[in-house]
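K.L.:
I have a structure I would like to understand better, so I am pasting it below and will then ask my questions one at a time.
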Amino acid sequence: MTLAIQGIGVHTNISTAIGKALMLSRGSIQAKPGMVPHGKIEAEIERFFRAIEQAAGQLQDVRKQIPEDTPADILEFIDTHLLMLEDKAISEAPAQTIREEGCSAEWALQLRRDQMMRVFEDMEDAYLRTRKDDLDHVINRILHILQGGKNSDPTEISGHIIVSEDLTPADAIMLHHRGATGFVTEYGSPMSHTAILARSLGIPAVVGAHGATSQLRSGELVVIDARHGSVLANCDDNCLLFFHQRLEQELARRHALHNLKDAPAVSLDGQEVELLANIELPEDTETAIEGGCRGVGLYRTEFLYMNREELPTEEEHFQAYKQVVEGMREQPVIIRTLDLGADKQCEHQPQPASCTNPALGLRAIRLCLKETGIFRIQIRAILRVSALGNVRLMIPMLTNLWEARQARQIIDEELQSLLHQGIEINPQLPVGAMIETPAAALTAESFARLFDFLSIGTNDLIQYALAVDRADDGVNHLYDALHPAVIMLIQQVVQAGITVGKPVAMCGEMAGTPKYIPLLLGMGLKSLSMHPASLPEAKQLIRSLNITHLEQKTAVILQNLLHEDLEQAVQELEADQPAI
Ligand code: PEP
Ligand code: MG
């Protein structure tokens, strides 16, 4: 009889893996109380610091072996662990405990871990919870070294499905590098490290598969069905045949998607859609090009301000933007000005600690118009980089024209000042507005008159239209892109663009979600910006659609918006394509 273990499936376009299970012991190490004689205390402290150095050395080795084309966010996992190893919070307190109380290095570190974990446990924030996992992984690594642990990884990994309690980012990267075809972990949620890495590496995984390490045996043939979040063992021939065929289809589809990289996103009736990438780091440019984009539709610049104590200088801004602009070679790059606040926080945020509702507080352009010094530095860097390529500037979170005019005036002042100094810039730098509040959507025509282009940010637009916090799991089920109110707001913005004759794009998650693309094209959108990983599938879909037909069908849906079952109507839109 087939054994099925249920967990949370994680996958991109390959959801199936078939291979022999390989058990890896990666449980959390719990050190036992231990003491050292008085005369050996200094030697024990030295042993402790040597273990930290050795742990850092191991991570440096992993970093060196990571293939060059590995996405930047994966490298960040390793860098975070390296930074933690340098952090005095990890090294100083245990050294002091060894010195003052004569504890062994292992026990002193264990005491420190327990203390830090308690602090994390009192925090509810999901991001900080992932930091807790990082801390646990780093301390485990040091404990492993202190306990004389050698690298016990089996040599034969290629083609195997790794089954473990948990995997550190370094493990996941190395196992992938050595040919593992899937991961099954007891521990984990959709946002855990293993899940994030599996997605980035394109490797199917089932996380949170409770009982996997006790019920599966090393060497037995197992199947990962990440679509349904299950791990199967003891499958009969029919079951294995089914999954082998599914894997073949998935591989063929991935190959076909890759072959579309340089093909244009042209619909069956010959209409071209501009597919752009959303990026966050200069290094993402490569992934964007690899995905076959026609430019960057949203460069989120907040990341320049995060995880540091000083504000970025104009030169740092300029160098980061230059890397993106040069990487995109003549293709458009839309740089969005600072959108700090709400879910994106940094050390030097002037947001008052007492702010009760950060999503409605001093964020994005509101913050920039209060802290104009910070804003002007960024504007100057964007203007300077505009001389190097096809650069555009975009302002987030606008709600009223006063803000829009203030922002435009500051841009104009900096433009004049740079021209006056003889610095090369594009004096015609196009400036766009992000439409991501219902107020801006309803008055989009005024924004269209004042700006060169509009881009709809549905992530925030949905949150504000439906009063649903986009980061709150508790109300996730109410976050609905197909709520008629959201569709009406989008329609209003598209119409404003047509009336005033200005281009309208979309750069929220909705734009990269295949289910919504036929509706968006039917509504008249011709420029969609999305996560680079979503580009190939979006392109393939667009090439199978007839936009003229979608426009006709969508017009009927929009007329009956309040009476339609929109989920159903949207499904039928894609299915009901006339043969050409
Ligand atoms: C949006 O709100 O849709 C958007 C693209 O911006 P961000 O997700 O960065 O808030
Ligand atoms: Mg937004």
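The values are calculated or read from the model by the stated rules, or taken from the named source; none is laboratory data. Here the structure is a predicted model, which means the values were calculated and not measured. Heads up, the Cβs are rebuilt from the backbone with ideal geometry, glycines too, and the neighbour counts pull from every protein chain shown. Calculation scope for accessible area: heavy atoms of the full protein, side chains included, ligands and nucleic acids excluded. Shrake-Rupley method; radii C 1.70, N 1.55, O 1.52, S 1.80 Å.
K.L.:
Divide by every residue of the chain the summed helix terms, -39500 (n - 2.57) for each DSSP H run of at least 4, and state the resulting mean residue ellipticity at 222 nm, rounded to the nearest 500 deg cm²/dmol.
P.N.:
Numbers: 22 runs with 274 residues, N = 580.
The per-residue figure over the chain is -15000 deg cm²/dmol.
K.L.:
Right, next: Calculate, for His177 and Arg329, the FRET efficiency according to 1/(1 + (r/R0)^6) with r their C-beta to C-beta distance and R0 25 Å; round to the nearest 0.05.
P.N.:
0.25
K.L.:
Taking the chain as the reference, fit the longest principal axis to its C-alpha atoms, fit the long axis of helix 314-327 to the helix C-alpha atoms, and give the angle between the two in degrees, 0 to 90, nearest 10.
P.N.:
80
K.L.:
Any idea how far apart Gln245 and Thr372 come out in nm if each label point goes 7 Å out from Cα toward Cβ?
P.N.:
My value for the distance between the label points is 6.9 nm.
K.L.:
Could you run the Karplus curve 6.51 cos²θ - 1.76 cosθ + 1.60 with θ = phi - 60° over region 569-576 and give me ³J(HN,Hα) per residue in whole Hz, x for Gly and Pro?
P.N.:
4, 5, 4, 5, 3, 6, 5, 8
K.L.:
A further question follows. Please give the FRET efficiency for Ser218 paired with Ser544, using the beta carbon to beta carbon distance and R0 = 35 Å, rounded to the nearest 0.05.
P.N.:
Computed FRET efficiency for Ser218 and Ser544 comes out at 0.20.
K.L.:
Moving on. Can you tell me the orientation of helix 126-146 relative to the chain, as the angle in degrees between its alpha-carbon axis and the longest Cα principal axis, to the nearest 10?
P.N.:
30
K.L.:
Angle, helix 88-101 long axis vs. longest principal axis of the chain, Cα atoms, 0 to 90°, nearest 10?
P.N.:
Compared with the principal axis, the helix lies near 20 degrees.
K.L.:
To the nearest 0.05, how large is the calculated FRET efficiency for Leu75 and His258 if R₀ is 30 Å and r is the Cβ-Cβ distance?
P.N.:
Given R0 = 30 Å and the Cβ-Cβ separation, E is 0.85.
K.L.:
Hey, can you rank 432-442, 107-117 by average C-beta count inside 10 Å, highest first?
P.N.:
Working: 432-442: 23.7, 107-117: 18.9.
In descending order of packing, they fall as 432-442, 107-117.
K.L.:
Here's another thing I want to ask about it. Can you pull the accessible area of Glu156 for me, 1.4 Å probe, Å² to the nearest 10?
P.N.:
Only protein atoms counted, so the area is about 110 Å².
K.L.:
Follow-up question, since we're still on this one. Could you grab the relative contact order for the chain? Cα pairs under 8 Å, six or more apart, rounded to a whole percent.
P.N.:
For the chain, the relative contact order is 14 percent.
K.L.:
Another one. Kirkwood Rh, Cα Rg: Rg to Rh for the chain?
P.N.:
Ratio of gyration radius to Kirkwood radius: 1.00.
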